[in-house]
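**Student:** First the structure, which I've put down as structure tokens, then a few questions once you've had a look.
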Amino acid sequence: MNIPVCHTPAQIWAVASGKGGVGKSFIAANLAMAFAAHEQRTILIDLDLGSANAHTCLGINQTQHTLSQLLNHRDMNINNLVERGHNPFIGLISGSDDDFDMANLKHFQKLKIMRNIKHLDADYIILDLGAGTGFNTLDFFLFADQGILAVVPEPTSIENTYRFVKSLLARKLKSLPHQSQTLIHGILNKQKKTMGKVQSFAALLNDMLEKHPKHGQIIQTSLATLNLNLMVNQVIDPADIKLGESMQVVFQRYFTLALNYLGYLHHDAHVVRALKQRESYFQLYPQSRNATCLLRITEKIITKQHSS
């Protein structure tokens with residue numbers, strides 16, 4: 001099979017979740033498989049450092065290379081770390097399970113990984129990030145061209161998704177000019193004194209635009225670089241499908257952020273079965289509802305990118 005040559009830089013998609021147990025790695029791995037099914041050269045990078053398991057989701061039993069080799073060897077070409085499976089369009093760069101320090105990357109190590117990711121020879125790069133709001137997770141999410149929030153229709157998952165976005169915005173604001181940050185802190189302190197608590201991010205932005213228009217515009221420009229997407233996993237009841245639309249409304253109202261609802265995946269007992277067999281769900285069940293959903297989602301993404 002002839003793999004097409006990539007003429008444009010790879011588009012980087014990061015998959016994260018506010019808490020564990022929502023199927024984040026399942027979404028990342030099978031989204032990568034779906035891109036590959038469309039003959040898009042795709043590389044999945046396991047950045048859930050310290051808990052690397054993306055290889056299992058892809059049905060790869062053992063890996064020869066890990067990210068730790070990139071950090072421990074000065075002249076390592078990141079393309080040489082890509083493991084190939086049965087499908088020539090998909091590759092994996094495994095997270096390290098042999099280096100205890102990998103879970104706590106130093107800043108220069110994180111920057112080295114980011115620089116090297118941009119040199120990968122691919123059409124799409126999927127980053128499987130750790131759950132929660134650690135700085136590494138937030139920084140890799142902000143580094144990506146597109147971010148996917150994985151959520152299940154449960155109160156704790158929804159609440160933790162909102163907390164993740166709050167942490168993401170706080171991290172994003174750290175990159176603003178010092179004067180803008182000082183003015184933001186001034187407004188937040190005033191809110192605490194007059195109202196007893198910090199108001200919504202939307203209220204903060206409105207105050208900045210009203211009192212400090214120049215800096216409010218800086219914030220808006222910074223937020224415009226955030227491309228947030230949502231995938232609802234483990235849908236059982238038809239009403240669960242509406243969760244994405246509800247969260248879109250909340251994101252706009254409280255965060256002034258546009259949230260693109262990519263789609264949803266059904267609860268499927270075959271997911272656990274595939275993991276127990278250490279096989280790829282997408283390959284074992286190519287006719288499943290979830291495989292069909294993933295193919296449809298990735299087809300829309302590819303079509304949109306090629307038309308832009």
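**Student:** Return the residue satisfying two criteria in turn: it lies in segment 226-267 and is of a type in the set (Val, Ile, Thr) and buried (at least 20 other Cβ atoms within 10 Å of the Cβ), and of such residues it is nearest to residue 201 (Cα to Cα).
**Tutor:** Among residues in segment 226-267 that are of a type in the set (Val, Ile, Thr) and buried (at least 20 other Cβ atoms within 10 Å of the Cβ), the one nearest to residue 201 (Cα to Cα) is 232.
**Student:** Residue 250 fails exactly one of the following numbered conditions: (1) in contact (Cβ under 8 Å) with a residue 60 or more places away in the chain; (2) farther than 21 Å from residue 152 by Cβ. What is the number of that condition?
**Tutor:** Condition (2) is where residue 250 drops out.
**Student:** Only residues that are touching a residue at least 60 places away in the same chain (Cβ under 8 Å) and either in a helix (DSSP H, G or I) or over 23 Å from the mean Cα position of the chain (by Cα) (or both): list them for segment 214-238, please.
**Tutor:** Result: 236, 237.
**Student:** A further question follows. Going by what's in this entry, would residue 156 be described as at pLDDT below 95, over 18 Å from residue 14 (Cα atoms) and among the β-branched types (Val, Ile, Thr)?
**Tutor:** no
**Student:** Here is a follow-up. With the structure loaded, tell me whether residue 191 is in a helix (DSSP H, G or I), farther than 30 Å from residue 40 by Cα and over 15 Å from the mean Cα position of the chain (by Cα) or whether it fails that test.
**Tutor:** Judged against the criteria, residue 191 is a match.
**Student:** Taking segment 233-257, which residues are modelled with pLDDT under 95 and of a type in the set (Gly, Ala, Ser)?
**Tutor:** Scanning segment 233-257 gives a single hit, 239.
The values are calculated or read from the model by the stated rules, or taken from the named source; none is laboratory data. Computed from a predicted structure; not experimentally measured. Note: ideal-geometry Cβ built from the backbone for every residue, glycine included; neighbour counts use all protein chains shown.
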